[in-house]
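Asks: Here it is, the structure in full.
The values are calculated or read from the model by the stated rules, or taken from the named source; none is laboratory data. Quick caveat: nothing in here was measured; it's all calculated off a predicted structure. Methodologically, a virtual Cβ is constructed for each residue, glycine included, from the backbone with ideal geometry; neighbour enumeration extends over all protein chains shown.
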Amino acid sequence: MPKIDKIQAAKKTKARYHIHLEEEGRAEYSFSVSEDILIQEDLFKGKELTKEDIDRLRHSDELDKAYQRALNYLSYRMRSEKEVAVYLKEQEVPEEEISHMIEKLRRLDFINDQRFADAFVRTKRDQSKKGPNIIRQELKQKGVEENIMNKSLDQYTPEEQLDLAIELAEKKQRSYKKESTRQKEQKLVQFLVQKGFSHSVAAEALKEADIDNDEDEQQEAISGWGEKSWRKFESEAPYKRRQKIKQALYRRGFPGDLIDQWIDEKEMEEE
């Protein structure tokens, strides 16, 4: 029966030991174990090991290494239980062992989905400026349970949602300065919904936000879109051209009186 000939501390990895076995007068390296397994299994020079013992120790060490990788994975940032489980599966850890590891990590308080979700909501609200609907979707993707999500999202108050939506709308409006007032407002609402806010919060934010709608900006906007439409329909008969340009500008959200004024001035220029 093989027996331990030498236990040698690993040079590159702390708290790991190389086990050398002697069998039939020959000693050679057989496997490595962590310090925890070395102590738990009471391994010492001269101890005899069966083939089953060796296989079990190697399997235990593989699981221990996977567990240590999981701890390292958790050291970079907080993770949900599902994220850790997926990571362990990628490390080819058997399903039944994954459950045991998750339970151990939970028991030692290395993973806690409620704490994870609370921190996730705060980060996405304060740093990523996202609304609650997007945050809820992302928490679902990370496997967080519904009741935990609801509790975490309760900290994102309606007042905070509205304040952030107003802030985002006022900043984003610069992107739509070439649009009509109506088109700008529609795009801002759509933008806020895409950021994760409800339609009602987005609409309320537009009412309270300081949105620039001065006449000079509107005149510049209709001139830009009007010139594009004029070039497109320039070869049409005057009446038909006028109707098509009016339709195109109306679809862009410009009011009828402003459209007629622009077309009248353009036609006078062309005479």
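Asks: If a residue has to be closer than 30 Å to GLU138 by Cα and without any contact (Cβ under 8 Å) to a residue 12 or more places away in the chain to count, how many in region 195-226 make the cut? Talk me through it step by step, then tell me what you get.
Replies: Of the residues in region 195-226, the ones closer than 30 Å to GLU138 by Cα are 195-209.
In the following step, the residues that additionally are without any contact (Cβ under 8 Å) to a residue 12 or more places away in the chain were identified as 199-200, 207.
Residues in region 195-226 being closer than 30 Å to GLU138 by Cα and without any contact (Cβ under 8 Å) to a residue 12 or more places away in the chain: 3 in total.
Asks: Here is a follow-up. Which residue is modelled with the lowest pLDDT, if the candidates are limited to region 91-118 and must be hydrophobic (A, V, I, L, M, F, W, C) and in a loop (DSSP other than H, G, I, E, B)? Break it down into steps so the answer makes sense when it comes.
Replies: If we filter region 91-118 for residues that are hydrophobic (A, V, I, L, M, F, W, C), which is where we start, we get 93, 98, 101-102, 105, 108, 110-111, 116-117.
Applying the additional criterion that residues be in a loop (DSSP other than H, G, I, E, B) yields 93, 108, 110-111.
Working: VAL93: 90, LEU108: 94, PHE110: 96, ILE111: 96.
Filtering first and then ranking leaves VAL93.
Asks: I'd like to check something: does region 187-194 contain any residue that is assigned to a helix (DSSP H, G or I) and among the aromatic types (Phe, Trp, Tyr)?
Replies: Yes, some residue in region 187-194 is assigned to a helix (DSSP H, G or I) and among the aromatic types (Phe, Trp, Tyr).
Asks: Here is a further query. Being touching a Lys or Arg at 6+ places or on another chain (Cβ under 9 Å) and under 13 Å from LYS195 (Cβ atoms) is the filter here, so list the residues in region 134-143 that pass it.
Replies: The answer is ILE134, ILE135, GLU138.
Here is a yes/no grid of residues against (1) among the acidic types (Asp, Glu); (2) under 36 Å from the mean Cα position of the chain (by Cα):
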residue: GLU23; (1), (2): yes, no
residue: SER30; (1), (2): no, no
residue: LEU38; (1), (2): no, no
residue: LYS45; (1), (2): no, no
residue: LEU49; (1), (2): no, no
residue: ASP55; (1), (2): yes, no
residue: VAL84; (1), (2): no, yes
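Asks: From the list VAL84, VAL121, VAL93, exactly one residue is under 20 Å from ALA205 (Cβ atoms), among the aliphatic types (A, V, I, L, M) and touching a helix residue (DSSP H, G or I) at 6+ places or on another chain (Cβ under 7 Å). Which is it?
Replies: Only one candidate qualifies: VAL121.
Asks: Take ASP5 and decide whether it is exposed (fewer than 10 other Cβ atoms within 10 Å of the Cβ), modelled with pLDDT of 90 or more and not in a helix (DSSP H, G or I).
Replies: no
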